Amino acid sequence: MGSPELTTTDFSTSRNTAASGRSSVIDSIWGCTGSTIQKDDLRKRITIPEYLRVAMREAIQNKDVDSVMRHYDMANAARAEPPQPSESPIIVFINAKSGGRHGPELKARLQDLMGEEQVFDLSAVKPNEFVQYGLSCLEKFAALGDTCAKETREKIRVVAAGGDGTVGWVLGCLGELKRQDRDPVPPTGIIPLGTGNDLSRSFGWGGSFPFNWKTATKRILDRVANGPICHLDSWNLVISMPAGEAMETPYSLKTSDCASLDQELEIDGELPEKSSYYQGVFYNYFSIGMDAQVAYGFHHLRNEKPYLAQGPLSNKLIYSGYSCKQGWFFAPCSSDPGLRGLNNILRLYVKKVNSSKWEQVPIPSSVRSIVTLNLPSYGSGRNPWGNLKPEYLEKKGFVEAHADDGYVEIFGLKHGWHASMVMVELISAKHIAQASAIRFELRGGEWKEAYMQVDGEPWKQPMNKEFSTFVEIKRVPFQSAMVHGE
């Protein structure tokens, strides 16, 4: 359906904003500062007319848009007063399991500030169901001449209340609208309920759930309603591996029958008779190596003993202890293939800045973890790429990094001590490349497996001695619309 373009802000999210993401802890303590938001005024501005929000909810529950046409008929009856659209309609997706005890309380608070039908618990309603049935309901009413539904569809904004995984899930489902030519794609704001909250930090929503959360919730919704729009790149990831290897995939990866590698880059060596393909999208980072191995072990430990992980602080303490146990800080057995540099199993090909040609990039022998980073915030607000000086950027052939520039930053970590100094920003990570497309080629040898992770979801990647496994990363051709919180 046709609609006016969203007004977008002129600023973009650069690596320099990571510091402001960490300073947002002050905002969290005070629950955001500024003038008082009147509850009744806010509710009036963001609450969707009852017939529309009820129709959307029923369409989702019934998985059928045609089943709710009676709501359209009643609202547009000959003698009925024409319904008036709200000024700034908002829909909220909340992961009530995030945020500890605050999740259910926040859900109730949100329902009190708008129509109850506008708040979707992700355990009951999935974002793709909202896209398929909820927004389709608005579009159908609008196509029949309902101007209130038309304006609501054009103005609607979304809030994702949860961690980075929740935000990425919502963004991925909203991205289907672009693929289906169903503009506009609603821009998304964030209420941070996770541990790292790097997407939230990157777009001015802070790094933690505010202590004075009842007051802060009103201010967050007001920001979502009025905040400027900016954009976020996302990256498509394809894995091609010899068929027959069993792999336990994370939620973000799905099997695919139609995925293929870039034909412009020739493969050196034989290919297996049959290959298995997996496909996914990431917004923050993809990594290979020791950091992913530690994350994999931590996730399994937390799943086996959930009583150990009662909140963000305990998670971080357990994670640090597990890092030492896995050899990230101490590598006493250098003959163990799992403790050697990644250059033993990995080749890296990239398309560099302002180049359309593939080039092989050497991997330093000391690097045990490689991270491909899209955001200005990593590992709970850190900036491992660093704030690079113009002369260094020019020397290396880099450009200033932004979350919407069409490039990812590739850096290496040598070991836990090096990573620790990088994360407290005493030094920068090992800069490897800046690229618009990437291909990793892995060949096992003595290594039977490697560890990888996408946006905090780790998995164990099988490797073959005879045939290579490929991981190819390319930018999704459209960007996600984000509401900036500052």
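Here, each number is a calculation from the coordinates, and none is a lab measurement. Since the model is a prediction, treat every value here as computed from it, not as a measurement. Cβ atoms come from the backbone with ideal geometry, glycine included; neighbour counts cover every protein chain shown.
Here are the numbers for the structure shown:
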| read-out | value |
| --- | --- |
| Dipole-positive endmost among 226, 278, 194 within region 148-307 (Cβ charges, Cα centre) | 226 |
| Long-range amide H partners of residue 482 with built H, under 5 Å | 188, 230, 231, 232 |
| Rel. contact order, % - alpha carbon contacts under 8 angstrom, at least six apart, region 42-140 | 40 |
| Low-density loop positions, chymotrypsin sites (Phe, Trp or Tyr not before Pro), region 156-223 - DSSP coil, at most 15 other Cβ in 10 Å | 211 |
| Proximal lysine pairs, region 426-486, alpha carbons under 23 Å, eight or more residues apart or interchain | 4 |
| Amide H contacts of residue 276 (H built 1.01 Å from N, under 5 Å, at least 5 apart or other chain) | 241, 243 |
| Enclosed volume per residue, in Å³, of the convex hull spanned by Cα atoms of region 97-187 | 94 |
| Sum of side-chain charges, residue 246 neighbourhood, beta-carbon under 14 Å (Lys, Arg +1; Asp, Glu -1) | -1 |
| Relative contact order computed over region 355-486 (Cα-Cα under 8 Å; 6+ residues apart), in percent | 21 |
